[in-house]
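Q: Would you mind keeping the following structure in view while I ask a few things?
Each value in this text was obtained by applying a stated rule to the coordinates, not by laboratory testing. Everything quoted here is computed from the prediction, not taken from an experiment. Here the Cβ positions follow ideal geometry from the backbone for every residue, glycine too, while neighbour counts run over all protein chains shown.
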Amino acid sequence: MKSKWLSGPYVIWMVLFTLIPLGIVFYFAFTDGAGQFTLANIQRLGAYLPILLRSAWMSIFSSILCLLIGYPVAYCMSKASPTRQKIYYMLIMLPMCLSFLLRTMAWVSLLEDTGIINNALRSLGLSPLPLIRNTGAVILGMVYNYLPFMIMPLYTVLIKIDRRLIEAAQDLGCNQVQVFTKVILPLSVPGIVSGITMVFVPAVSTFYISQKLGSPGAVLIGDVIESQFKGAYNPNLGAAMSLILMALIFLCVGLMNHFSGTDDEEGVATL
């Protein structure tokens with residue numbers, strides 16, 4: 001009985017800051033300016049399908065890049081001594097102590113036409129490069145800001161792998177590549193899924209990175225949603241877009257969780 005009372009603050013928090021806001025989103029998504037029920041907001045979303053697809057593929061690409069960069073980093077961290085692990089952990093988390101806006105603006109200062117990199121190229125007699133206001137700059141901003149969200153779940157999973165499994169694989173004649181592909185990689189699938197989820201969810205809904213690093217003509221779905229609330233003053237359409245984006249996120253998370261049904265026993269069975 002006491003345990004139920006202890007969960008009371010959490011239940012109140014979820015109701016006030018999750019269920020009620022979701023209910024408000026549903027209400028605005030299926031009503032018009034006069035508060036009448038309508039499906040017009042949902043029907044209008046077809047015109048924004050290219051923007052939604054662009055946001056999805058950029059987020060997926062950023063997640064893949066974070067995985068390719070983050071997995072070796074997390075693996076090296078898990079192999080290091082405990083003291084070095086703490087140092088590496090601090091170095092990875094240190095940028096997260098700074099404001100998200102400041103970190104993004106720092107890249108603007110580096111990449112803009114009169115920024116640090118192009119000024120250095122000019123001083124060397126070279127032509128400046130188009131480093132900003134393009135898709136590559138937006139993906140760079142996503143990878144930089146969300147890379148720790150990939151490294152931490154991977155590191156948490158890799159550090160918990162039983163070293164006796166690796167020794168057993170080596171005793172059975174597996175080389176380093178086989179140990180990695182048959183033991184370490186299968187057992188780290190939960191971390192991979194968690195990392196991809198934690199990168200994809202904020203990346204697909206981002207808007208500040210695309211505003212500062214992207215071109216005006218290549219907006220993302222997060223930019224459109226923000227403009228509906230702050231520029232076009234159409235919260236009904238903005239809520240409908242948010243609802244569809246939420247459904248897309250839940251779908252992707254559900255698919256990733258479905259294909260990550262791998263436990264320790266299955267990983268060991270691959271030996």
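Q: Kindly provide the helix-only [θ] at 222 nm of the chain, computed as the sum of -39,500 (n - 2.57) over DSSP H runs of four or more divided by all residues, to the nearest 500 deg cm²/dmol?
A: Calculated mean residue ellipticity at 222 nm is -21500 deg cm²/dmol.
Q: Here's another thing I want to ask about it. How big is segment 130-271 by the Kirkwood estimate over distinct Cα pairs, in Å?
A: 17.7 Å is the Kirkwood radius here.
Q: Using a Gaussian network for the chain with springs between C-alpha atoms less than 10 Å apart, which of these wobbles most: 235, 148, 95?
A: 95
Q: Let me ask another. Given the chain, what count of lysine pairs have C-alpha atoms under 27 Å apart, with each pair 8 or more places apart or on different chains?
A: 5
Q: Hydropathy at least 1.0 by Kyte-Doolittle, axial extent at least 30 angstrom from the Cα trace: which helices of the chain, defined as entire DSSP H runs, fit?
A: 49-79, 135-159, 235-258
Q: Run a plain Debye calculation on the chain (Cα atoms as equal point scatterers, no solvent) and give log10 I(q)/I(0) at q = 0.08, 0.12, 0.14, 0.16 Å⁻¹, rounded to two decimals, same order as the q list.
A: Debye intensities relative to I(0), on a log10 scale: -0.47, -0.95, -1.13, -1.26.
Q: Here's another thing I want to ask about it. With springs connecting C-alpha atoms under 10 Å apart, model the chain as a Gaussian network and identify which of 222, 141, 46 has the largest mean-square fluctuation.
A: 46
Q: Taking only Cα atoms and a 10 Å spring cutoff, compute GNM fluctuations for the chain and point out the largest among 151, 196, 159.
A: Between 151, 196, 159, it is 159 that shows the largest mean-square fluctuation.
Q: Based on the mean of other beta carbon atoms within 10 Å per residue, what is the order of 211-221, 238-248, most packed first?
A: Peptide ranking by packing, descending: 238-248, 211-221.
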